[in-house]
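Read through the structure below, which is laid out as structure tokens, and then see the notes.
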Amino acid sequence: MPLNRWDPTSALARLEQDLGNAAHHAHAASVSTATDGDDLVITVAGVDPADVHVQVGGGRLTIKGQSGGSRSESLDVSGGHFSSSSSSSSSFSRSFSVPADVEQSDVSTEPTAGGVKIRIRNAA
């Protein structure tokens, strides 16, 4: 097997690409609240609506979410085979005080572009 000279420029470019990919996969959920008449509306951006779970009980509304992914890459260079894989996972949880009489049936969720909107009837 022939020896290849180490190229620091290529190595640094690869490191920069890998760090950029890791930053892209980092979870960046943001939560905002608003009122709409007597309803409390909570918007969670930066998550897949299918990965968001909402629970109500004891005067608390809890929103939990999770995201993650994996990636594999192979490269053949100068007769050598290189492969790499990466994965990321993150989760979040937020809790809000709501009136004690709010029940699960008072809560509805609606997917939005890039997130989910949660509406709690008569909680404002």
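What to note about this one:
- Hey, I118 assigned to a strand (DSSP E or B), hydrophobic (A, V, I, L, M, F, W, C), closer than 15 Å to S30 by Cβ and in contact (Cβ under 8 Å) with a residue 60 or more places away in the chain or not: yes
- Qualifying residue in region 48-71 (condition: of a type in the set (S, T, Y), at pLDDT 85 or above and either under 13 Å from the mean Cα position of the chain (by Cα) or not in a strand (DSSP E or B) (or both)): no
The values are calculated or read from the model by the stated rules, or taken from the named source; none is laboratory data. These figures come from a predicted structure and were not determined experimentally. Don't worry about glycine lacking a Cβ; one is built from the backbone with ideal geometry, like all the others, and counts go over all protein chains shown.
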